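Okay, so here's the structure we're looking at.
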Amino acid sequence: MIREQHEVSVLGGPQNPGPVMSTVVNIQTDTVVPDHIIWSLFNTLFFNTCCLGFVAFAYSVKSRDRKMVGDVIGAQSYASTAKCLNIWAVILGIITTIGLIVLLALVLPGVIQAAMHHTGF
């Protein structure tokens, strides 16, 4: 008999006849944290109402820095703040744009009529 077979026959079967339970732990090494940097850059260039786009861009960069260091909690915190600032920048930017369009639609005809009346046309 080969030595390994002999050791198995001497040891016998499993000591515990119950079912064998196992636990699987999945560890995710790369946690995805969105930093919203493109959205912040867009808001900085187009909807920079009250400098919210610029501040959101700064928080996005801080979130990316925290993610590179490995601080997932800090990255999520900065990303959440950047997302909130981006939402408010878009809302205020759209309200401002609509307000300017309405203002031009209401005021511009009156200004043109006053200018034509003043010059004698």
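Laid out as a table, the results:
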read-out: Answer residue from the range 69-97, given it is within 19 Å of Leu45 (Cβ to Cβ) and of a type in the set (Val, Ile, Thr) and is least open to solvent (accessible area, probe 1.4 Å) among those; value: Val90
read-out: Some residue of the range 75-85 being in contact with a Pro (Cβ under 7 Å, 6 or more places away or on another chain), touching a residue at least 12 places away in the same chain (Cβ under 8 Å) and aliphatic (A, V, I, L, M); value: yes
read-out: Scan of the range 28-68 for residues that are open to solvent by 50 Å² or more (accessible area, probe 1.4 Å), hydroxyl-bearing (Ser, Thr, Tyr) and in contact (Cβ under 8 Å) with a residue 24 or more places away in the chain, ordered by number; value: Thr31, Tyr59
read-out: So Val20, is it open to solvent by 70 Å² or more (accessible area, probe 1.4 Å) and modelled with pLDDT under 90; value: yes
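The values are calculated or read from the model by the stated rules, or taken from the named source; none is laboratory data. The structure displayed is predicted, hence computed values, not measured ones. Don't worry about glycine lacking a Cβ; one is built from the backbone with ideal geometry, like all the others, and counts go over all protein chains shown. In case anyone asks, the SASA skips ligands and DNA or RNA and just uses the protein heavy atoms, side chains included. Shrake-Rupley method; radii C 1.70, N 1.55, O 1.52, S 1.80 Å.
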